[in-house]
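**Q** Handing you this structure, nothing more for now.
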There are 2 protein chains.
Amino acid sequence: MARWQPDAPGRLAAAALDLFEERGYENTTVIEIAERAGLTKSTFFRYFPDKREVLFGGGTVAGLVVEGIASAPPTTGPLDAAADALDALGRTFFTADRREFSGRRQAVLDANPELREREALKRIDITAAMVEALTLRGAPSLTARAVAALAALAWEVAYDQWIEAGNSEGFGPLARRALADVLAAGAVR
Amino acid sequence: MARWQPDAPGRLAAAALDLFEERGYENTTVIEIAERAGLTKSTFFRYFPDKREVLFGGGTVAGLVVEGIASAPPTTGPLDAAADALDALGRTFFTADRREFSGRRQAVLDANPELREREALKRIDITAAMVEALTLRGAPSLTARAVAALAALAWEVAYDQWIEAGNSEGFGPLARRALADVLAAGAVR
DNA sequence: AGGGTCCATGAGACCAAGTCCCATCACCGG
DNA sequence: CCGGTGATGGGACTTGGTCTCATGGACCCT
């Protein structure tokens, strides 16, 4: 048996998700996660800064959104740039093959306060990244913040729908529609 | 010397804020906080579920907002109900005498990831509470969510302005104006 | 005044998360 | 066959957080 099986972080994440589903997050120790992945505590903390982060893998999402916003044509308004970014996210990250995993992961997140807390932080950070990307396109500060907040809400709505079983639609279209709906709802007066 | 000086939680919070300012959150141990307050680790964890929570006192804020939304006249629309709630918050919680403390506290929060994370969770929870309160008034789900998101943003904007030195305006007026500005900014199209 | 009861606090054992330092061993090139 | 490099293991150590039991003030009641 080779000592170095490939993709240690991936094995750790998979083992963690399994164990969290079986016994719950709180009743699972980092040592147990590492053991199931055929590794040790040392190696776990070499790849993840803490226990929670094992379910938040790359953190590439923020980068993708920023990239999506930045790569929209310069004449595109902030709202459409955000919509394009969400759409791009559906093409590059929230792909069909990731749907089942995302659903399992989300169920675990929802069940634990500590994990919800980390999720909340990620959301704030991503929103801040969107604000910065929009500001870089010339959007006024408040506009950027309002658009980012609404886009984050649309993201959340679309993500929930995407995860639901029986819904075969892709994340991109769901997000576009969610953003339009959120805008309509936010324009009440 | 009386063994039981009054307001143990308050003394702990004050000691914690002092120490966090002096040495930073990470370099301060719970035992040190307790010692400065003339107490022990045991007592600390009797009043606060964890080290972070010492800066998030009552958690009464969510209750106040919910109450503010619920107590608006039934014919008031969701947006105005939210505005009223923010205004009420300015009268009952973000009062002038709390401004200096809030500023110090916020500086500490901003300086530490762990504390920012807890803050993010609080924000999410408060937003969820607003959504529920608005839904109870009969607002459609998406409307409630959009309004809550924008109100939370306005809250953040107003809070930053309120904390800034030299700004003698109350939180309530600042929040009302911020909400109007955010709405105008979010209506871009 | 004296005794008993309640309740906030103290004391300390215990576990798991997270940090750190160094040893080890597979792989790869020479 | 040998030495270097880089991923992994091992284990000591600190701190957050839980739990259980002991302690001793304050207050009441007679």
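The values are calculated or read from the model by the stated rules, or taken from the named source; none is laboratory data. All figures in this text were calculated on a predicted structure; none of them were measured in a lab. Counting neighbours? That spans all protein chains shown, and the Cβs are built from the backbone with ideal geometry, glycine included. With ligands, DNA and RNA removed, areas are computed over all heavy atoms of the protein, side chains included. Shrake-Rupley method; radii C 1.70, N 1.55, O 1.52, S 1.80 Å.
**Q** For the stretch A:68-79, give me each residue that is loosely packed, with under 15 Cβ neighbours inside 10 Å and either within 16 Å of DNA strand D (Cβ to nearest atom) or assigned to a helix (DSSP H, G or I) (or both).
**A** Correct list: A:Ala70 only.
**Q** May I ask you to list the residues in the stretch A:116-128 that are over 13 Å from the mean Cα position of the chain (by Cα) and surrounded by 15 or more Cβ atoms within 10 Å (Cβ to Cβ)?
**A** The one that is over 13 Å from the mean Cα position of the chain (by Cα) and surrounded by 15 or more Cβ atoms within 10 Å (Cβ to Cβ): A:Glu117.
**Q** Tally up the residues in the stretch B:47-60 that are at pLDDT 95 or above and not in a loop (DSSP other than H, G, I, E, B), please.
**A** Counting residues in the stretch B:47-60 that are at pLDDT 95 or above and not in a loop (DSSP other than H, G, I, E, B) gives 5.
**Q** With the requirement that a residue be assigned to a helix (DSSP H, G or I) and under 14 Å from B:Leu115 (Cα atoms), what does the stretch B:19-42 give you?
**A** Listed by number, the residues that qualify are B:Phe20, B:Glu21.
**Q** Hey, can you tell me all the residues within the stretch B:82-98 that are of a type in the set (D, E, K, R) and open to solvent by 60 Å² or more (accessible area, probe 1.4 Å)?
**A** B:Arg91, B:Asp97, B:Arg98
**Q** Out of the residues in the stretch A:44-58 that are more than 9 Å from DNA strand C (Cβ to nearest atom) and aromatic (Phe, Trp, Tyr), state the one that is most open to solvent (accessible area, probe 1.4 Å).
**A** Among those residues, the one meeting the criterion is A:Tyr47.
**Q** Only one of (1) more than 12 Å from every other protein chain (Cβ to nearest Cβ); (2) not in a helix (DSSP H, G or I) is not met by B:Ala139, so which one is it?
**A** Of everything listed in (1) more than 12 Å from every other protein chain (Cβ to nearest Cβ); (2) not in a helix (DSSP H, G or I), B:Ala139 misses just condition (1).
**Q** Right, next: Would you point out which residue out of A:Ala37, A:Ala81, A:Ala70 is more than 22 Å from A:Pro173 (Cβ to Cβ), touching a residue at least 40 places away in the same chain (Cβ under 8 Å) and out of contact with any Cys (no Cβ under 9 Å at 6 or more places or on another chain)?
**A** A:Ala70
**Q** Restricting to the stretch A:165-189, what's the tally of residues that are out of contact with any helix residue (DSSP H, G or I) (no Cβ under 6 Å at 6 or more places or on another chain) and in contact (Cβ under 8 Å) with a residue 24 or more places away in the chain?
**A** 3
**Q** With the requirement that a residue be within 19 Å of A:Thr143 (Cβ to Cβ) and surrounded by fewer than 15 Cβ atoms within 10 Å (Cβ to Cβ), what does the stretch B:162-180 give you?
**A** Scanning the stretch B:162-180 gives a single hit, B:Ala180.
**Q** Step by step: first the residues of the stretch B:1-32, then only those that are surrounded by fewer than 12 Cβ atoms within 10 Å (Cβ to Cβ) and more than 11 Å from DNA strand C (Cβ to nearest atom), then the one that is farthest from B:Arg104 (Cα to Cα). Which residue is that?
**A** Within the stretch B:1-32, the match that is farthest from B:Arg104 (Cα to Cα) is B:Met1.
**Q** Okay, moving on. Suppose the filter is among the aliphatic types (A, V, I, L, M) and within 14 Å of chain B (Cβ to nearest Cβ); does A:Ala88 pass it?
**A** In short, no.
**Q** Moving to a separate point now. If you check B:Arg99, B:Arg118, which single one turns out to be within 14 Å of chain A (Cβ to nearest Cβ) and not acidic (Asp, Glu)? Spell out how you get there, then give the answer.
**A** On the way: B:Arg99 fails: within 14 Å of chain A (Cβ to nearest Cβ).
One residue alone meets the criteria, B:Arg118.
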